[in-house]
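The values are calculated or read from the model by the stated rules, or taken from the named source; none is laboratory data. Please read these numbers as outputs of a predicted model, since none were measured by experiment. Cβ placement follows ideal geometry from the backbone for every residue including glycine, while neighbour counts extend to all protein chains displayed. The accessibility values were calculated without ligands, DNA or RNA, using every heavy atom of the protein model including side chains. Shrake-Rupley method; radii C 1.70, N 1.55, O 1.52, S 1.80 Å.
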Amino acid sequence: MSGIFRFKQFSIDQTGCAMKVNTDGVLLGAMAAFDSPSHILDIGTGTGVIALMLAQRFPSALVDALEIDETAAEMAARNFAGSPFAQRMRSCPVPLDAFEATVSYHLIVSNPPFFIHSLKSHDVRKQVARHADTGFFDGLLERAAKWLAPRGSLQLVLPVALAAWVENRATGTYGMTVQWQTDIRSFSAQPPIRRILAIGKAPLDDVAGEMHRDLVIYEHRGVYSQNYRELLKDFFLAF
């Protein structure tokens, strides 16, 4: 089976990488919102899909992408180099606590590891890619508070319960504010399975009245909703 995932404007080679292209990542890549960001940071980029989607959506943005796994970081660098956005993208093979920001970011995104306190995988690289303790999120929030531009935004895709914990931590400990959130449901009658949470130092003026939104992935089993198809039509070949 090919390790290449083809989008309309770029391709992702994910051969041998611990984390493949997944729904969480493409939803964040399509839904992360900011008015004309000039600097974007993707934390835990994996093979680079979110960073590439954002480079496509924001043609003036410079995109930095952090990845602790050397294999994935090298793959992301190759995926960036093979894209039409290569001159605006940089893969940084370093952990979060070793990265030194030299600019203020308008948009910071992450599809972070979230299986906190769960059974760890025996595959060490998958364990690093998909597991974190609460200290990871404290580090993420602390750095976002420093690296974001005054009206910048940190946007994460998380399970709902973890999103609530991160929200409380961000507002209660780091003095940040919730800018908007979107709950993701598989079907309209089911509870949300993920939440995209946007937080920052200040509210975003352009989301007034749209603080809480919903997205339903499937109209019914095997059939994507029109909203989901509309969201991803600029990326997926099948749409």
_Filter result (assigned to a helix (DSSP H, G or I) and farther than 24 Å from residue 153 by Cα) within segment 207-226_ = 226
*Hey, does segment 69-80 have a residue that's farther than 17 Å from residue 17 by Cα, open to solvent by less than 20 Å² (accessible area, probe 1.4 Å) and out of contact with any His (no Cβ under 7 Å at 6 or more places or on another chain)?*
no
*Which listed residue, of 70, 100, is modelled with pLDDT under 95, within 24 Å of residue 145 (Cα to Cα) and of a type in the set (D, E, K, R)*: 100
*So which helices (runs of 4 or more DSSP H) stay within segment 111-205 end to end and still have 2 or more residues that are modelled with pLDDT of 90 or more and open to solvent by 30 Å² or more (accessible area, probe 1.4 Å)?*
134-147, 160-173
_Just to verify a result, which residue in segment 1-51, among those that are open to solvent by less than 40 Å² (accessible area, probe 1.4 Å), within 17 Å of residue 195 (Cβ to Cβ) and assigned to a loop (DSSP other than H, G, I, E, B), is modelled with the lowest pLDDT?_
33
